[in-house]
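Have a look at the structure below, then the notes.
The values are calculated or read from the model by the stated rules, or taken from the named source; none is laboratory data. In this text the structure is predicted, and so the values were computed from the model without any measurement. Here Cβ is always computed from backbone atoms with ideal geometry, including for glycine, and neighbour counts include all displayed protein chains. Quick note on the areas: whole protein, heavy atoms, side chains included, nothing else; ligands and nucleic acids left out. Shrake-Rupley method; radii C 1.70, N 1.55, O 1.52, S 1.80 Å.
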Amino acid sequence: MNISFENKVALVTGAGAGLGLATANAFAEAGASVVLADVDEAAVGRAADALIAKRFKALAVRCDVSDDAQVEAMVARTVATFGRLDAAYNNAGIQNVLADTAEATREDFDRVVGVDLRGVWSCMRFELKQMLAQESGTIVNCSSIGGIVGGAGRGSYHAAKHGVIGLTTSAALEVAAKGIRVNAICPGLIDTPMSDRMKAAGQTEALAAMLNDVPIGRVGRADEIADAVLWLSSSASSLVVGHALVVDGGYTIR
Ligand SMILES: NC(=O)c1ccc[n+]([C@@H]2O[C@H](COP(=O)([O-])OP(=O)(O)OC[C@H]3O[C@@H](n4cnc5c(N)ncnc54)[C@H](O)[C@@H]3O)[C@@H](O)[C@H]2O)c1
């Protein structure tokens, strides 16, 4: 994608795999210094090493986004290492254990909401403190088509992803006049380790049925989400504020 992030600093959570990894790589290729954060320290270390080997500027940070202290430390290390924070992609997320609401457990609800919703809230708290001090920056929060429609057996995930849009629009209103833009992205079905795990957990038929409802007739690629995140993070989208950008091959317009 022909957008430059030269002299910019990008932070991506969940950067060890899937959409986060593809987006961190895209930021680096566009010239940004990139902080790759993930609860999987080995994965994010390998990803940063691969970028550094190509002479990109990258730093791996172990961070569980459901832990406020770790999130605060992640943002502090970003600023200590690269001096500022221009673009944050709050991408880390997990799926719920498939269960109808009557059968779902409180433990799984808290686990999913703790990462997918409170994790995004926590990241924004600390990122915005830095961006407000700079009087500039962009944030893209990862929602999902699960933030737009319902999903039987997926209540906690869809609740969290709907909530991400509420956090996004609210924070966007707070900081729009202060040089900071906050938006969300809503990916459709994308080929990543997360979708591989859903297949391994016996959800192949459900995924095939979902694919039948994708008008372009295929799953998305991680680089197609990375392109959209880079656009939302760049000055090319300077008038886009508090928007939830659906990137799903047409799934939700049927
Ligand atoms: N793949 C899809 O079809 C799809 C569709 C819509 C939305 N999403 C969302 O996109 C985001 C990325 O999904 P993906 O498919 O790349 O997933 P993935 O499982 O392939 O990768 C997620 C990464 O996040 C990390 N992670 C998990 N919990 C974490 C935590 N608590 N703190 C920090 N890092 C953590 C994992 O270690 C992993 O490296 C998620 O928020 C997901 O809900 C994915």
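Residues in the range 78-90: is at least one of a type in the set (S, T, Y), within 20 Å of L230 (Cβ to Cβ) and touching a Cys at 6+ places or on another chain (Cβ under 9 Å)? Spell out how you get there, then give the answer.
Step one: list which residues in the range 78-90 are of a type in the set (S, T, Y), which gives 78, 81, 89.
Now restrict to residues that are within 20 Å of L230 (Cβ to Cβ): 78, 89.
Subsequent filtering for residues that are touching a Cys at 6+ places or on another chain (Cβ under 9 Å) retains 89.
Within the range 78-90, one or more residues are of a type in the set (S, T, Y), within 20 Å of L230 (Cβ to Cβ) and touching a Cys at 6+ places or on another chain (Cβ under 9 Å).
Please work out if M198 is aliphatic (A, V, I, L, M), in contact (Cβ under 8 Å) with a residue 60 or more places away in the chain and assigned to a helix (DSSP H, G or I).
Details: aliphatic (A, V, I, L, M): yes; in contact (Cβ under 8 Å) with a residue 60 or more places away in the chain: yes; assigned to a helix (DSSP H, G or I): yes.
Here the answer is yes, as M198 does meet what is asked.
Could you list, in sequence order, all residues of the range 232-241 that are surrounded by fewer than 17 Cβ atoms within 10 Å (Cβ to Cβ) and of a type outside the set (S, T, N, Q)?
Step one: list which residues in the range 232-241 are surrounded by fewer than 17 Cβ atoms within 10 Å (Cβ to Cβ), which gives 235-236, 238-241.
Listed by number, the residues that qualify are A236, L239, V240, V241.
May I ask you to list pairs of residues, at least six apart or on different chains, whose Cβ atoms are under 6 Å apart, with the first in the range 49-66 being under 14 Å from T81 (Cα atoms) and the second being open to solvent by less than 60 Å² (accessible area, probe 1.4 Å) and within 10 Å of the ligand (Cβ to nearest atom)?
Filtered contacts from the range 49-66: A60/L36; A60/V44; V61/A37; V61/M74.
Are any residues in the range 22-47 more than 14 Å from L230 (Cβ to Cβ), within 17 Å of the chain's Cα centre (by Cα) and aliphatic (A, V, I, L, M), and if so, which ones? Give the steps one after another, and end with the answer.
Pass one, the range 22-47, residues more than 14 Å from L230 (Cβ to Cβ): 33, 35-47.
Those left that are additionally within 17 Å of the chain's Cα centre (by Cα): 35-40, 43-44, 47.
Within the range 22-47, V35, L36, A37, V39, A43, V44, A47 qualify.
Do we have V240 as part of a loop (DSSP other than H, G, I, E, B) and farther than 22 Å from G93 by Cα here? Please lay out each step first, then the result.
Details: part of a loop (DSSP other than H, G, I, E, B): yes; farther than 22 Å from G93 by Cα: yes.
When the stated conditions are applied, V240 passes them.
Go through the residues of the range 53-71 one by one and say whether even a single one is of a type in the set (D, E) and more than 14 Å from the ligand (Cβ to nearest atom). Show your work before the answer.
As a first pass, look at the range 53-71 and keep what is of a type in the set (D, E): 64, 67-68.
Restricting the remaining residues to those that are more than 14 Å from the ligand (Cβ to nearest atom) gives none.
The answer is no; no qualifying residue exists.
Give the residues of the range 1-18 that are hydrophobic (A, V, I, L, M, F, W, C) and either within 18 Å of A80 (Cβ to Cβ) or within 16 Å of the ligand (Cβ to nearest atom) (or both), sorted by residue number. Before you say what the answer is, go through the steps one by one.
Quick first cut of the range 1-18, residues hydrophobic (A, V, I, L, M, F, W, C) only: 1, 3, 5, 9-12, 15, 17.
Across the range 1-18, the qualifying residues are V9, A10, L11, V12, A15, A17.
Only one of these conditions is not met by M131: (1) in contact with a strand residue (DSSP E or B) (Cβ under 7 Å, 6 or more places away or on another chain); (2) under 18 Å from L19 (Cβ atoms). Which number is it?
In the conditions (1) in contact with a strand residue (DSSP E or B) (Cβ under 7 Å, 6 or more places away or on another chain); (2) under 18 Å from L19 (Cβ atoms), M131 misses (2) alone.
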